[in-house]
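The values are calculated or read from the model by the stated rules, or taken from the named source; none is laboratory data. The model shown is predicted, which means the values in this text are computed figures rather than measured ones. Here the Cβ positions follow ideal geometry from the backbone for every residue, glycine too, while neighbour counts run over all protein chains shown.
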Amino acid sequence: MLSTRLTERLGIRHPILSAPMAFASGGALASAVTHAGGLGLIGGGYGDAEWLQREFLAAGNARIGCGFITWSMAENPALLADALAHAPAAMMLSFGDPRPHAGQIKATGAVLICQVQTLAHVADALEAGADIIVAQGSEAGGHGAKRATMTLVPEIATLLQRRSPDTLLVAAGGIADGRGLAAALALGADGVLMGSRFWACRESLAHPAHQAVALRSDGDQTIRQSATDIARGYDWPSGFTARVINNRFVQDWEHRPEEHRARAGELRAAYQAAVAAGDPDHAAVWVGEATGLIEEIESAAAIIERTVGEAEAIIARLGTLRDGR
Ligand SMILES: Cc1cc2nc3c(=O)[nH]c(=O)nc-3n(C[C@H](O)[C@H](O)[C@H](O)COP(=O)(O)O)c2cc1C
């Protein structure tokens, strides 16, 4: 058993959270992660009240959390109230200022998790009263920014030790197995949040044809880009790009954003049809550099069990180095 401040604070068996991935993290995935000893989060994404209601119901009685893309939720704040009405154990905010929403979340007793990409974001998260900060490195699948997990996590660990020692730290971005979990703990994190690894699991809502692409891709084949946001008409704040597989769609459009913007309206129906069909070439395949570490579509429980087992073995082996055995 890996017992950390995260397992104690959240009352979970393993220091693993599943990311609230838009369109992928539904109730089935969140509850599977929770039942396997982690904490599963439903992906509130860009906010669809009906979808959210359905997925909370699909999670049954499992103790789960939820996460929103903050700038998008701020345009429709009723969604936050809807989600909180389901009494989630935790609410995660990413990509936007958490401060206006923190009071409402904390008043329900939910644990406030803020995902950050920079040190400036950490300052906002602390002001919001975050219980847990997720430091997200650029290796991550989906939206993110520029800093690498390897330096972002320890830099924030030191900052928290000095300024807010009771705030927990979780590492995200490129973590998909026990090596990543052990490394995150070594860097000063209390646990990990994994997205791509759970995106490619049985309970995920990701299209099987897209998961098949991830199985045969390596980390070199992903790219941070914005063509996906232009295609969908999402007005993401500057500084955030999305990591996806560098497929034909990205190669067609990423180098000509102005033309893409001008034609996106006319192309949108075809893009959405490609998404719905699981077309791996003409729609974005949302997975991060961790794609190179994924070899099988397993259950969430199998992923968690193996990740924890590997991390325990690595930590034990490192202990023997010190003893010179
Ligand atoms: C398919 C996909 C969708 C994502 N959607 C969201 C989202 O809606 N909200 C969010 O906070 N993070 C989202 N993320 C980012 C995750 O929260 C997390 O930071 C990331 O998955 C961690 O890196 P990893 O993919 O290497 O595990 C998404 C990630 C992926 C792979």
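Here is how the numbers come out for the structure above:
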{"item": "Residue 123, sole failed condition from (1) under 17 Å from the mean Cα position of the chain (by Cα); (2) surrounded by fewer than 24 Cβ atoms within 10 Å (Cβ to Cβ)", "result": "(1)"}
{"item": "Answer from 178, 188, 195 - the residue that is surrounded by 23 or more Cβ atoms within 10 Å (Cβ to Cβ) and either within 16 Å of the chain's Cα centre (by Cα) or not hydroxyl-bearing (Ser, Thr, Tyr) (or both)", "result": "195"}
{"item": "Yes/no for residue 282 being assigned to a helix (DSSP H, G or I), surrounded by 15 or more Cβ atoms within 10 Å (Cβ to Cβ) and not assigned by TED's automatic domain parsing to the domain that holds residue 22", "result": "no"}
{"item": "Unique residue being within 16 Å of the ligand (Cβ to nearest atom) and of a type in the set (A, V, I, L, M, F, W, C) when the list is 57, 52, 10", "result": "52"}
{"item": "Members of the range 285-325 that are basic (Lys, Arg) and either part of a helix (DSSP H, G or I) or within 19 Å of residue 233 (Cα to Cα) (or both)", "result": "306, 317, 322"}
{"item": "Residue 288 modelled with pLDDT of 95 or more, at positive phi and not basic (Lys, Arg)", "result": "no"}
{"item": "Helices (runs of 4 or more DSSP H) wholly inside the range 160-266 containing at least 2 residues that are farther than 22 Å from residue 315 by Cβ and within 13 Å of the ligand (Cβ to nearest atom)", "result": "196-199, 208-215, 227-232"}
{"item": "Residue in the range 66-86 that is within 17 Å of residue 192 (Cα to Cα), within 12 Å of the ligand (Cβ to nearest atom) and either of a type in the set (D, E, K, R) or not in a helix (DSSP H, G or I) (or both) present", "result": "yes"}
{"item": "Residue match in the range 97-108 (condition: within 15 Å of the ligand (Cβ to nearest atom), under 21 Å from residue 5 (Cα atoms) and not assigned by TED's automatic domain parsing to the domain that holds residue 237)", "result": "no"}
{"item": "Residues of the range 99-116 satisfying the condition of being part of a helix (DSSP H, G or I) and touching a Cys at 6+ places or on another chain (Cβ under 9 Å)", "result": "102"}
{"item": "Out of 317, 306, sole residue that is without any contact (Cβ under 8 Å) to a residue 12 or more places away in the chain and in the same structural domain as residue 36 (by TED's automatic domain parsing)", "result": "317"}
{"item": "Subset of the range 132-167 [polar (S, T, N, Q) and either in contact (Cβ under 8 Å) with a residue 40 or more places away in the chain or touching a helix residue (DSSP H, G or I) at 6+ places or on another chain (Cβ under 6 Å) (or both)]", "result": "136, 138, 164, 167"}
